[in-house]
Amino acid sequence: QVHQVQSGGGLGQAGGALRLSCAASGLTFSSYGGGWFRQGPGKEREFVASICETRDRTYYADSVEGRFAISRDNTKNTVYLQMNSLKPENTAVYYCAADLWYYRNNPATYDYWGQGTQVTVSL
């Protein structure tokens, strides 16, 4: 059975930083691209960032490019999202996801999801 357990997040201040982690089990982690998505109040789930299974290619939404960084450690089966220069509009529930052999920006293509983590950014 596949599990993706998220940790981190919580309350941050504008201009500050938070880090999210997503630890996977029950799958061949190195065969999956990793993605982060978010869903704000009353909004659809949107793409944030993704990383290929070999760690050498990443993809970011324009709104977070240069401020957020996705990474992974295949020895720990974990994907990370470092969020810097936070803004109040980054407030959302963040989800990690696994995409077999790809790292696309469409949530419908992902196979497994984490439980979601609330990130709240205050002024």
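The values are calculated or read from the model by the stated rules, or taken from the named source; none is laboratory data. Just so you know, these numbers come straight off a predicted model, no measurement behind them. Cβ atoms come from the backbone with ideal geometry, glycine included; neighbour counts cover every protein chain shown. Quick note on the areas: whole protein, heavy atoms, side chains included, nothing else; ligands and nucleic acids left out. Shrake-Rupley method; radii C 1.70, N 1.55, O 1.52, S 1.80 Å.
Against the numbered list (1) at pLDDT 95 or above; (2) of a type outside the set (Phe, Trp, Tyr); (3) open to solvent by 20 Å² or more (accessible area, probe 1.4 Å), Gly9 comes up short only at (1). The single condition among (1) more than 14 Å from Arg19 (Cβ to Cβ); (2) of a type in the set (Ser, Thr, Tyr); (3) over 14 Å from the mean Cα position of the chain (by Cα) that Tyr103 does not satisfy is (3). Reported count of residues in the range 56-111, each being in contact (Cβ under 8 Å) with a residue 60 or more places away in the chain and farther than 20 Å from Leu11 by Cβ, is 12.
The single residue among Thr109, Thr117, Thr78 that is of a type outside the set (A, V, I, L, M, F, W, C) and over 12 Å from the mean Cα position of the chain (by Cα) turns out to be Thr109.
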